[in-house]
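What follows is calculated from the coordinates using simple rules that are stated; it is not laboratory data. Just so we're clear, the structure is a prediction, and the values are computed from it rather than from any experiment. Methodologically, a virtual Cβ is constructed for each residue, glycine included, from the backbone with ideal geometry; neighbour enumeration extends over all protein chains shown.
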Amino acid sequence: MKDFAGKVAFITGGASGAGLGQAKVFSEAGCKIVIADIRQDHIDEALAYFRDKKAEVHAIKMDVTNRDDWKKAAEYVEKLHGCPPQLLFLTAGVNAFGPCEASTFEDYDWVVGVNLFGVINGLVTFVPRMIQAGRGGYIVTTASMGGFMGTSGCAPYSAAKAAVINLMDSYYHALKPYGIGVSCLCPGGIRSNIGESHLTRPKHLQNTGYHLDDKVVEFMHKHYSYGIDPVELAKITKKGIEDEVLYIIPVPEPDKFMRGVLERMVNYTTAEGMKRQEELDRKRREEMRNRPNPMMEGARESGWGTARKDITWVKPREY
Ligand SMILES: NC(=O)c1ccc[n+]([C@@H]2O[C@H](COP(=O)([O-])OP(=O)(O)OC[C@H]3O[C@@H](n4cnc5c(N)ncnc54)[C@H](O)[C@@H]3O)[C@@H](O)[C@H]2O)c1
């Protein structure tokens, strides 16, 4: 897709971070934007930003895990613009950090619920409507580089993102005959508010196995402040849509990055490969220890990534 003027773009998580960057870049490209977000304060701030920009931007408060909300959102867009979106950005996401082995059902239900089922709900709601509208279109989900490998410090998140990466491969092939393109954005760090994800965690899913307090939140705000600017990321995403690339990986050499990912998987398939990979991991950890990394400064002291205090059987984490 190269022409964005006049197209309706629906963006989950569109009121903050990566989603807000998409709203800014695609409204400038001429899209009519509908922001969907669970946080009213984020929606208010986003709408205030667009108020004097002459952009056509509307917003709906919704929870991507709630299927009734999706039905209402689809009806809202069709009432507003007379058609379903031609551009669907499934960007909303949350994160939580702690040892894999301390994860609770509620950690999985919340993190997988938003990051994977939030995407599935969006696809099941809008894909049939987009096909029946017969205008083609484009779908972009936001996964993460974390989805290319297991991460023992945020397992539910990595697993959900891995599933999104896989799912988009299926949809890419399935939607081609309908003139609907598909991309999956897989970023590293983004300058965003994801460090305060816990503020949207539902009451019935509060039971976590991970340690979280003000110090951890403060660390995460600093940690994510080193990430890519969301507007820059949205510009890279726009180029990815124009080039119709399935996996948009915002690094200078995405093919080299992917070869590293695949080499790790290949190494994991033989005894010699396992040894090779262990050695590579050891060297990488040593390099990281010896290189100043402002992104990780204060991580250990804050207690980030550790288990809930009363879970005493978890071994201390290696930094
Ligand atoms: N920040 C990073 O370093 C990073 C790295 C890779 C991928 N990502 C992914 O980027 C996407 C955007 O995150 P961000 O970093 O911009 O964070 P962010 O917190 O700034 O933005 C996410 C938005 O999603 C909304 N949201 C959360 N739960 C929701 C729900 N249940 N229903 C509707 N809206 C909900 C939040 O209110 C927020 O406005 C996420 O999918 C995230 O996993 C982030």
>> Using +1 at the C-beta of Lys and Arg and -1 at the C-beta of Asp and Glu, which of Ala59, Asn193, Tyr138 has the Cα lying farthest in the positive direction of the dipole of the chain?
In response: Tyr138
> For Met265, what is the net charge nearby, where nearby means another residue's Cβ is under 13 Å from its Cβ and Lys, Arg count +1, Asp, Glu -1?
Replying inline: +2
> Label Arg276 and Arg300 with points 7 Å out from Cα along Cα→Cβ: what is the distance between them in nm?
Replying inline: 3.2
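By the gyration tensor of its Cα atoms, with a ≥ b ≥ c the square roots of the eigenvalues, what is the shape of the range 222-319: rounded for a/c under 1.5, prolate for a/b over b/c, or oblate?
On the way: a/c = 2.15, a/b = 1.24, b/c = 1.74.
The shape class here is oblate.
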> Does the range 8-260 come out rounded, prolate or oblate, given a ≥ b ≥ c as the square roots of the eigenvalues of its C-alpha gyration tensor, rounded meaning a/c under 1.5 and, failing that, prolate meaning a/b above b/c?
Replying inline: rounded
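Could you work out [θ]222 nm for the chain from helices alone, using -39500 (n - 2.57) per DSSP H run of at least four and dividing by all its residues? Round to the nearest 500 deg cm²/dmol. Display every interim value, and only then the final one.
Working: 11 runs with 148 residues, N = 319.
Taking each H run of at least 4 residues, the total per residue is -15000 deg cm²/dmol.
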> Which shape class applies to the range 144-283: rounded if a/c is under 1.5, otherwise prolate when a/b exceeds b/c and oblate if not, where a ≥ b ≥ c are the square roots of the Cα gyration tensor eigenvalues?
Replying inline: oblate
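Per-residue counts of other Cβ atoms within 10 Å, averaged by peptide: what ranking do you get for 186-197, 215-226, highest first?
186-197, 215-226
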> If you put +1 on each Lys and Arg Cβ and -1 on each Asp and Glu Cβ, how big is the dipole of the range 1-118 around its Cα centre, in Debye rounded to 20?
Replying inline: 660
> What angle do you read, to the nearest 10 degrees and between 0 and 90, between the alpha-carbon axis of helix 67-81 and the longest principal axis of the chain?
Replying inline: 40
> Hey, what angle do you get for helix 40-51 against the long axis of the chain, alpha-carbon based, 0 to 90 degrees rounded to 10?
Replying inline: 50
> the range 130-146 to the range 56-77: how many Å between their Cα centroids?
Replying inline: 16
> So how tilted is helix 155-175 from the main axis of the chain? Cα-based, degrees 0 to 90, rounded to 10.
Replying inline: 40
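Of Lys71/Lys222; Lys176/Lys235; Lys72/Lys256; Lys203/Lys235; Lys71/Lys309, which ones are farther than 32 Å apart at the Cα? Walk me through the intermediate numbers first.
Working: Lys71/Lys222 37 Å; Lys176/Lys235 23 Å; Lys72/Lys256 43 Å; Lys203/Lys235 36 Å; Lys71/Lys309 41 Å.
The pairs that break the limit, which is 32 Å between Cα atoms, are Lys71/Lys222; Lys72/Lys256; Lys203/Lys235; Lys71/Lys309.
Any idea what the dipole of the range 136-276 comes to, in debye rounded to 20, about its Cα centre with Lys/Arg Cβ at +1 and Asp/Glu Cβ at -1?
Values: 15 positive and 14 negative charges, 42 e Å.
Dipole magnitude for the range 136-276 comes out near 200 debye.
Evaluate the relative contact order of the chain (contact order divided by residue number), counting alpha-carbon pairs under 8 angstrom at least 6 apart; express in whole percent. It would help to have the intermediate numbers written out before the result.
Values: 551 pairs, mean separation 62.0, N = 319.
In percent, rounded to a whole number, it is 19.
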> Rounded to the nearest 20 Debye, what is the dipole magnitude of the range 8-260 about its Cα centre when Lys and Arg each give +1 and Asp and Glu each give -1 at the C-beta?
Replying inline: 600
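Among bridges DSSP assigns within the chain, what percent are antiparallel (round to 5)?
Details: 1 of 28 bridges.
Counting DSSP beta bridges with both partners in the chain, the antiparallel share is about 5 percent.
Can you work out the FRET efficiency for the pair Tyr268 and Lys239, with r the C-beta to C-beta distance and R0 = 30 Å, to the nearest 0.05?
Approximately 0.35, to the nearest 0.05.
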>> Sort 63-76, 39-52 by the packing proxy (mean of other Cβ within 10 Å over each peptide's residues), most packed first.
In response: 63-76, 39-52
